[in-house]
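J.: Here's a structure for you.
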Amino acid sequence: MTWLLIGIGGGLGAMARHALNGAVHRLAPGSIFPTGIFVVNVLGSAAIGLLAGLLAGARIDLRPDTRTFLIVGVLGGFTTFSSFSLDTFTLLRSGHLGLALWNIAGQVGLSLVALAVGFRIGHG
């Protein structure tokens, strides 16, 4: 059942990401800056922060399957950047500055390097 919830939530999140990205691009046609995905990542991070704060502050109580559907499924499908942001914030909040900085530099830097390597291999 968990996998089904993640799949359905992920599909809904991906559709929402695509819709919002398209809507933003229609507002700013011709822009070379990825404004749509920028907005998606910021909104996704705000949404996961709000949900995590509500849960941590015991202001809402969600069953584990509902949490999985919303956090891993919907928000994960909307943007994995929200998970990255929450993980980094959790490291910072718990006093692990070095690990938080490594998470930022490592994921962003190594992901760009991996993308370039994959592109080079694929492009020939």
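J.: Just one of the numbered conditions (1) without any contact (Cβ under 8 Å) to a residue 12 or more places away in the chain; (2) assigned to a helix (DSSP H, G or I); (3) surrounded by fewer than 14 Cβ atoms within 10 Å (Cβ to Cβ) is not true of I32; which one?
T.: If we test I32 against (1) without any contact (Cβ under 8 Å) to a residue 12 or more places away in the chain; (2) assigned to a helix (DSSP H, G or I); (3) surrounded by fewer than 14 Cβ atoms within 10 Å (Cβ to Cβ), just (2) comes out false.
J.: If you don't mind, another one. Return a yes/no flag: does the range 106-124 have any residue that is among the small types (G, A, S), surrounded by 10 or more Cβ atoms within 10 Å (Cβ to Cβ), touching a residue at least 12 places away in the same chain (Cβ under 8 Å) and assigned to a helix (DSSP H, G or I).
T.: no
J.: Please go through the range 50-86 and pick out each residue that is open to solvent by less than 40 Å² (accessible area, probe 1.4 Å), of a type outside the set (V, I, T) and touching a residue at least 40 places away in the same chain (Cβ under 8 Å).
T.: Within the range 50-86, G73, L75, G76, G77, F78, S82, S85 qualify.
J.: Name the residue that is modelled with the highest pLDDT, counting only residues in the range 1-46 that are of a type in the set (F, W, Y) and either closer than 14 Å to G76 by Cβ or over 17 Å from the mean Cα position of the chain (by Cα) (or both).
T.: W3
The values are calculated or read from the model by the stated rules, or taken from the named source; none is laboratory data. Quick caveat: nothing in here was measured; it's all calculated off a predicted structure. Note that we place each Cβ from the backbone using ideal geometry, even for glycine, and neighbour counts take in every protein chain shown. The area values use the complete protein model at the heavy-atom level, side chains included, leaving out ligands, DNA and RNA. Shrake-Rupley method; radii C 1.70, N 1.55, O 1.52, S 1.80 Å.
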